[in-house]
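This report refers to the structure that appears directly beneath it.
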Amino acid sequence: MTRLLLSALILALGGAAYGLATDRARQLSGGKLSNLHSRLSYYGFFVALWTVLPALLLVIAWSIAEPMVMHSVVQSQLPADILTKSKAEVAMVDSSIGTIADGFQRLTPTELAAALASKTSLVDLLGSKGVALGTEPEAFQIAAAQQLNRWSDLSRYGITTIALGLAALGFVLSMFRLTGKLRARNAVEKIMLAGLVGASTVAILTTAGIVLSMLLETIHFFQKVPPQDFFLSTVWDPRFSAAGSTGTAGGQFGLLPLLWGTTYISLVALVVAVPIGLLAAIYMSEYASKRVRTVVKPMLELLAGIPTIVYGLFALISFGPFLRDAGAAIGVPVSASSVLTAGFVMGIMLIPFVSSLSDDVINAVPQTLRDGSLGLGATRSETIKQVVLPAALPGVIGAVLLAASRAIGETMIVVLAAGIAANITVNPLQPVTTMTVKIVSQLTGDLEFNSPQTLVAFALGLTLFTITLGLNIYALSVVRRFREHYE
Amino acid sequence: MVAASDASVLNGSGAKTLTGPGAHSGKISARDVNVFYGENQALKSVNVGIPERSVMAFIGPSGCGKSTFLRCINRMNDTIAGCRVTGKITLDNEDIYDSKLDVVQLRARVGMVFQKPNPFPKSIFDNIAYGPRIHGLAQSKTDLEGIVTASLKKAGLWDEVKDRLKEQGTGLSGGQQQRLCIARAIAVGPEVILMDEPCSALDPIATARIEELIDDLRKNFTIVIVTHSMQQAARVSQHTAFFHLGSLVEKGETQQIFMAPTDKRTQDYITGRIG
Ligand SMILES: Nc1ncnc2c1ncn2[C@@H]1O[C@H](COP(=O)(O)OP(=O)(O)OP(=O)(O)O)[C@@H](O)[C@H]1O
Ligand SMILES: [Mg+2]
């Protein structure tokens, strides 16, 4: 029985257990449900969880452990001279045994026995069954494959029997515990809580894992390139490192040009996005009638749903050439990919982000403050300028910082619109490049994983992560302080 | 949003006196005022006159429309989407719902103190200076300081805050905040002050101070106060109007309303049988 089928069966048993348990609980109540400690469904869940959980956990645990067990079974069958060979060769033998074992599974036992006795070519026989072998297997490989098959049969039947047994045991034991006084609700909710805690642990652990793996690769990088050459150098020239090369070709990995490009483009984007987004938010929350708001707000938020690659395409094929032609017409040299192109298009992308966050913040300013100002004879615009916006300012700052951290991490637009030349220039009509662009370009193509040319991507990624994390934490704390102020 | 029933009376045509039931020639006069929130009618044909330089109290059970009527007097209802006012309200015989009237000027003349103190998140000084600044009432900095000081003194808050004018207004206690809001309203130099349950969040001592203050303000201002406390209405007001289910049931001198109400509902309310 496959794992999937087994799991489905266990779940089905759980469903049945639920039905039986609720019936039983209803009986126990003697017709008066208030005699029971918990509501009927809790008794059902109680028994169902006892039936399903232990069995299912066992199946999952075994699915994780099985490959390791099987691996050691195979290893124990290998002759000593093979084990002393290089890692890659052992792995090759390992996988060939897996293939042979797979092939044997497709033969009936009699076919197999006949084939082994008559020494017919296994390559031909298994080939006819759709399993391709490179060379005629040696005796120890055949033995190991047979052993492997015996163990996996054992494992398959064993796990099915044990899991079903466990389900039955859980069902019977929990049914016995079913009395009117059983605190089924408390037990069930404890299990639910454990599930929730488990889910959040997974989220936290994965984040930690990601950071940790980045950190490891970054440390590798800094073993090859000293940190000051990364953080303080103004030259980005990683050179090329092809697969198979020794990876010692000395490139220069200066972060500063990329940091500059990232910062410059983000600033241009914010200069575009913040005024427009903020004014749009003010219009929407203070002036727009309900009807206008119900139409315009979703439309603005639709902008936020456009994949950034589409903005990138827009920058690449429309806005960039437009700027270049416009520049040519008035005699100003503009390159098709430039700070301005990328920043402007990224700014458009950020408008809905800024406006919807600011809109929330402005709406959170209590109406009583507006009333107080209007009641003194202030006009609407005086009220907005002098009361609403100052009150909303911390929240707006938070919104801008969050937008900034998105701008810094944005990849697709800059890949297509900013260029790939690592310049430090203040001229917005020149191409620059960003950390994200370089991460992409250092990791695409045919590459040697251990070279600094590749590893630098992780150092860049970790730097980017640190910057945006810092910005986000600061922004969230600003926004939170603002919320506390008014709630 | 807002419609005046008949705008035939031009601004400043003070010669026209209003007659009819309840239309006293006072500072403020309302005739046949109806207010609708969407489909719901919150006020039904309210007629009342509010005499100058005195205190008028609005009493009545919760939801009867006291706040709604108060907000009509300085057109704060304009800010509520779906609120519609018909009928006529005059201030010094000018129709305040006339399309030629500037609502900003009206609110400068008719100030409002809200039920919940709502100081701006600014310094105490700036809270008071806010109104004078937007209306350009002060020629110089000393002028402005003079207005702020005088307003705080009139509101009975000066002694408590004179050394901390730069601190945030929101950092004051509830009672202080309410007096700050009163000072803020006074600073603009209004003719009428509308107060919506100004003491509902205050302790008896702060309440007593504000009642004293109202009594004091009466010399210069016309005051309308909404209150749920019969005792407070009896203490501070000269005239009282009783609202019930959106109608103005009875109005008159406070003495007469409390001693000899003519309507059964008024009698029931002030003796605590409805409400
Ligand atoms: N903004 C609004 N939108 C819709 N209906 C409203 C609004 N404000 C008030 N109302 C309705 O108008 C009626 C009168 O409300 P109002 O606030 O004037 O009562 P009130 O006499 O001040 O009551 P309270 O003593 O509880 O403050 C109520 O039925 C209320 O539901
Ligand atoms: Mg009210």
Original post:
How many residues does the range B:47-83 contain that are over 12 Å from the mean Cα position of the chain (by Cα) and either within 15 Å of ligand 2 (Cβ to nearest atom) or basic (Lys, Arg) (or both)?
Top reply: 11
**OP:** Take B:Gln255 and decide whether it is more than 14 Å from every other protein chain (Cβ to nearest Cβ), closer than 15 Å to B:Val55 by Cα and within 16 Å of ligand 2 (Cβ to nearest atom).
**Re:** no
**OP:** Would you point out the residue of the range A:169-179, among those that are surrounded by fewer than 17 Cβ atoms within 10 Å (Cβ to Cβ) and over 22 Å from A:Leu58 (Cα atoms), that is modelled with the lowest pLDDT?
**Re:** A:Thr179
Original post:
So how many residues does the range B:236-257 have that are of a type outside the set (A, V, I, L, M) and buried (at least 18 other Cβ atoms within 10 Å of the Cβ)?
Top reply: 10
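Looking at the structure I just gave you, is B:Val85 within 16 Å of ligand 1 (Cβ to nearest atom) and crowded, with 22+ Cβ neighbours inside 10 Å?
Values: within 16 Å of ligand 1 (Cβ to nearest atom): yes; crowded, with 22+ Cβ neighbours inside 10 Å: yes.
Criteria met by B:Val85.
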Original post:
If you take the residues of the range A:433-447 that are in a helix (DSSP H, G or I) and not hydroxyl-bearing (Ser, Thr, Tyr), which of them is surrounded by the most Cβ atoms within 10 Å (Cβ to Cβ)?
Top reply: A:Val437
Subject >> Answer from A:Val90, A:Val131 - the residue that is among the aliphatic types (A, V, I, L, M), outside any helix (DSSP H, G or I), assigned by TED's automatic domain parsing to the domain that holds A:Ile60 and under 42 Å from the mean Cα position of the chain (by Cα) >> reply: A:Val131
**OP:** Kindly indicate the residue of the range B:95-132 that is in contact (Cβ under 8 Å) with a residue 40 or more places away in the chain and among the basic types (Lys, Arg) and also nearest to B:Ile225 (Cα to Cα) among those meeting that condition.
**Re:** B:Lys116
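Having 1 or more residues that are touching a residue at least 24 places away in the same chain (Cβ under 8 Å) and aromatic (Phe, Trp, Tyr) is the bar; report the helices (runs of 4 or more DSSP H) wholly within the range B:166-275 that clear it. First the steps, then the outcome.
Details: elements: B:174-187, B:204-217, B:230-236, B:254-259, B:264-270.
Of the helices (runs of 4 or more DSSP H) lying wholly inside the range B:166-275, those with at least 1 residues that are touching a residue at least 24 places away in the same chain (Cβ under 8 Å) and aromatic (Phe, Trp, Tyr) span B:254-259, B:264-270.
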Subject >> Filtered residues of the range A:358-400 (kept if under 30 Å from A:Leu471 (Cα atoms), among the β-branched types (Val, Ile, Thr), within 12 Å of chain B (Cβ to nearest Cβ) and in a helix (DSSP H, G or I)) >> reply: A:Val387, A:Val388
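Every residue in the range B:171-187 that is buried (at least 24 other Cβ atoms within 10 Å of the Cβ) and touching a Gly at 6+ places or on another chain (Cβ under 9 Å), please.
B:Arg179, B:Leu180, B:Cys181, B:Ile182, B:Ala183, B:Arg184, B:Ala185, B:Ile186, B:Ala187
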**OP:** Return a yes/no flag: does the range A:301-313 have any residue that is assigned to a loop (DSSP other than H, G, I, E, B) and of a type in the set (S, T, N, Q).
**Re:** no
**OP:** Only one of these is within 16 Å of ligand 1 (Cβ to nearest atom) and among the aliphatic types (A, V, I, L, M): B:Val103, B:Val113. Name it.
**Re:** B:Val113
Original post:
Which members of the range B:188-202 meet the condition of being within 16 Å of ligand 1 (Cβ to nearest atom) and crowded, with 22+ Cβ neighbours inside 10 Å?
Top reply: B:Leu194, B:Met195, B:Pro198, B:Cys199
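Here are some residues: A:Ser63, A:Ser121. Which one is surrounded by 11 or more Cβ atoms within 10 Å (Cβ to Cβ), out of contact with any Leu (no Cβ under 9 Å at 6 or more places or on another chain) and closer than 30 Å to A:Ile191 by Cα?
Result: A:Ser63 is the single residue among A:Ser63, A:Ser121 that is surrounded by 11 or more Cβ atoms within 10 Å (Cβ to Cβ), out of contact with any Leu (no Cβ under 9 Å at 6 or more places or on another chain) and closer than 30 Å to A:Ile191 by Cα.
The values are calculated or read from the model by the stated rules, or taken from the named source; none is laboratory data. Since the model is a prediction, treat every value here as computed from it, not as a measurement. Because the Cβ atoms are built from the backbone with ideal geometry, glycine has one as well, and the counts that use them run over all protein chains shown.
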